[in-house]
Every structure is written in C-alpha cells, then in structure tokens.
1. Counting only pairs 8 or more residues apart or on different chains, how many lysine pairs in the chain have their Cα atoms under 18 Å apart?
2. Determine how large the accessible area of residue 106 is when every protein chain is in place; take a 1.4 Å probe and give Å² rounded to the nearest 10.
3. With a Förster radius of 22 Å, plug the Cβ-Cβ distance of residue 101 and residue 73 into 1/(1 + (r/R0)^6) and report the FRET value to the nearest 0.05.
4. Among DSSP bridges having both ends in the chain, what percentage is antiparallel? Round to the nearest 5.
5. What are the extents of the Cα atoms of the chain along their three principal axes, in Å, largest first?
6. Quick one: net charge of residue 99's neighbours, Cβ under 15 Å, K/R +1, D/E -1?
7. Stretched out fully, how many nm does the piece from residue 120 to residue 34 gain, at 0.36 nm a residue minus the Cα gap?
Amino acid sequence: VAPVALSFSQAQQANASGALDVPDQFPGLVAFISRVDLPAGGFVVIRKGATSTPSDIIGAIFFDKDTRIGNVDLSEPTVDGQSYVAQAWTDDGDAQFSTTTDKIIIKIDGTVLQIPFKATKDLPEKKG
C-alpha cells in the first residue's frame, strides 16, 4: 500500500515539531546544516542577517523527511563576521522553493523554526 500524501496544511502541522541546527562556520559558498528534522520534508533557507525580505535569501535546498544533514549551496559567499539565519519552510508539494507558495514553519510554541549562525574564520578546534 502506497503512503498517503499529506495535504499542505497537514505537512505544515507535522513540521511544527521539527528541529534545525546550523553551527557557526567558515565563510564560503556553502552552508552546512548539522541537523534537520522536518517530519513532512521541506526546505532549509539561508538568509543574510536577520531580515525577512525575499531578496535576502541566498540559498535554499529541499530536505525529504528522512534526510538529517546536508549542505545548502549559496548564490553569494558568506562573509567573515557577518550573521545569517537558517529557516525551515514547508514545501507546497513540488520540491521547488517559492516564497509565494511555500510557507515558513511556525513551531508549536508559536515561534519561527529558524536558527542564527555566523560566518567566522575563528572557529574553535574540536578534537575527538
């Protein structure tokens, strides 16, 4: 029996319990996503600063419900010392990111599923 596809509102509701983690990282043309949990799948979108205008989006990639880590290719490099935000969005079902038809995920507590991170050349060395 094939699984039943969720409606957009069901997917949005399922993703409200999602999680996202993006560490501070070296400047460059890729953002590393160290943890993503989107029960209905969706997008991780990278924005410059803490702004909310679509023009500040510099990358987006689709994660299916089973993918837990990955990279977002960026349209412009992150810059040392600058802040960025990774946001999670529910897909409208076509696996093509759109600020018009896809929707930002609002968590169960009413906040946006997002995490700030910084581009920096001064990362602590992790051993072990």
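1. On the way: 48/118; 48/121; 65/103; 65/107; 118/126.
For the chain, qualifying lysine pairs total 5.
2. Accessible area of residue 106: about 70 Å².
3. On the way: r = 21 Å, r/R0 = 0.98.
About 0.55, to the nearest 0.05.
4. On the way: 27 of 28 bridges.
If I count the DSSP bridges inside the chain, around 95 percent turn out antiparallel.
5. 50, 38, 27
6. On the way: positive: 47, 48, 103; negative: 56, 91, 92, 94, 102.
Computed value for this residue: -2.
7. On the way: separation 86, 0.36 × 86 = 30.96 nm, distance 1.65 nm.
Computed gain between residue 120 and residue 34 is 29.3 nm.
The values are calculated or read from the model by the stated rules, or taken from the named source; none is laboratory data. Everything quoted here is computed from the prediction, not taken from an experiment. Here the Cβ is made from the backbone with ideal geometry for all residues, glycine too, and neighbour counts use every protein chain on show. For accessibility, only protein heavy atoms count, side chains too; no ligands or nucleic acids. Shrake-Rupley method; radii C 1.70, N 1.55, O 1.52, S 1.80 Å.
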